[in-house]
Amino acid sequence: MKIQKQKWHKDYNFIYDIEPLIFNYPHGVFTGSFSEGITTYQLSFEDVCTFLGHVCLCGAGGYKIVQHAINQLSDSEVLERDQFMLQSSHDHTISDVAAFILGCPRRNDPKKNRYSIKPESTLERRVYRYKIGYEPSHKAVEILYHKHLIIGNDKMDELWKIEKALDTQPESVSENNKITYRNAMIKMVRNVLFDKVQGLFEIKEIAYNTLK
C-alpha cells in the first residue's frame, strides 16, 4: 500500500511557508539514510504537526523556541542534531515538541538524560522558561515564552474551557463554540510562527553549566 503524505486543512496552508530547521546529522549518513553527498537533515513545521497528529499552538510555540535557540547558538554554522540539552519549567507539549526537534531523549539514567523538567513557581501565569544548550560549543540560551501575550489569559481561558468540554462532554459544545475555537487557533498559530506578537519570546545567553 502506498503511504500518502498527510495533507492539512487549507486554512493552514501558511505552514508550508515556514522555513525548515536544518541540522547536521552524522548518524543519518552512517546508517545510509541520506543520498550520497547529503549530510544535513531538514525538519519542517509540518514534521512537527505529523509528530503531534494535528496543527496547534503548542507545536508552533515549540518550533519557534527551537528556531530562536538555534539562531542564537549557531554563529552561522549548521548545528548537529542529538547534541542538545533541554531544560523546561513545565512538563507539557511545548517542551516535548522542542525535545523532538532537537533530538533530546528523556532517560532515567542522569548521565544519558538530555531533557529535564525543573518546575518553577515564580513565573507568571502562562510564562514558561526553556534552557537549551549545545554540547560541542558548551553554549546555552534561556528563552522565556510569554504565551499569555498572544491573546491574553482571559481569552485563552475561554478557549481552553471549550477544549476541555469537548474532551469531557462533547455534546455540550455548540457548533458556534467549535468555529470560535478553530478560528482562534488558526490565527494564533499564524501569529506565533510569523512573529506577529511583540515580546512573545525573551532570549538571552546563559552559562552552559546551568543546565547540569
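The values are calculated or read from the model by the stated rules, or taken from the named source; none is laboratory data. Computed from a prediction, not measured in an experiment: that's the story for all the values here. Heads up, the Cβs are rebuilt from the backbone with ideal geometry, glycines too, and the neighbour counts pull from every protein chain shown. Heads up: the accessible areas ignore ligands, DNA and RNA and are worked out on the full protein's heavy atoms, side chains in. Shrake-Rupley method; radii C 1.70, N 1.55, O 1.52, S 1.80 Å.
Things worth noting here:
- Residue in segment 123-141 that is in contact with a His (Cβ under 6 Å, 6 or more places away or on another chain) and either at pLDDT below 95 or of a type in the set (Lys, Arg) (or both) present: yes
- For Ser95, the conditions (1) open to solvent by less than 90 Å² (accessible area, probe 1.4 Å); (2) touching a residue at least 40 places away in the same chain (Cβ under 8 Å); (3) of a type outside the set (Val, Ile, Thr); (4) closer than 26 Å to Asp75 by Cα all hold with the exception of (2).
- Residue match in segment 181-195 (condition: over 16 Å from the mean Cα position of the chain (by Cα), farther than 24 Å from Tyr63 by Cβ and at pLDDT 95 or above): no
- All of Gln67, Gln42 fail the test of being at pLDDT below 95, more than 21 Å from Glu163 (Cβ to Cβ), of a type outside the set (Gly, Ala, Ser) and touching a strand residue (DSSP E or B) at 6+ places or on another chain (Cβ under 9 Å), apart from Gln42.
- Filter result for Lys112 (assigned to a loop (DSSP other than H, G, I, E, B) and either open to solvent by less than 10 Å² (accessible area, probe 1.4 Å) or basic (Lys, Arg) (or both)): yes
- Applying the set (1) out of contact with any helix residue (DSSP H, G or I) (no Cβ under 7 Å at 6 or more places or on another chain); (2) small (Gly, Ala, Ser); (3) open to solvent by less than 70 Å² (accessible area, probe 1.4 Å) to Ser121 leaves exactly one unmet item: (3).
- Single unsatisfied condition, Asp75 versus (1) closer than 20 Å to Ile117 by Cβ; (2) part of a loop (DSSP other than H, G, I, E, B); (3) acidic (Asp, Glu): (1)
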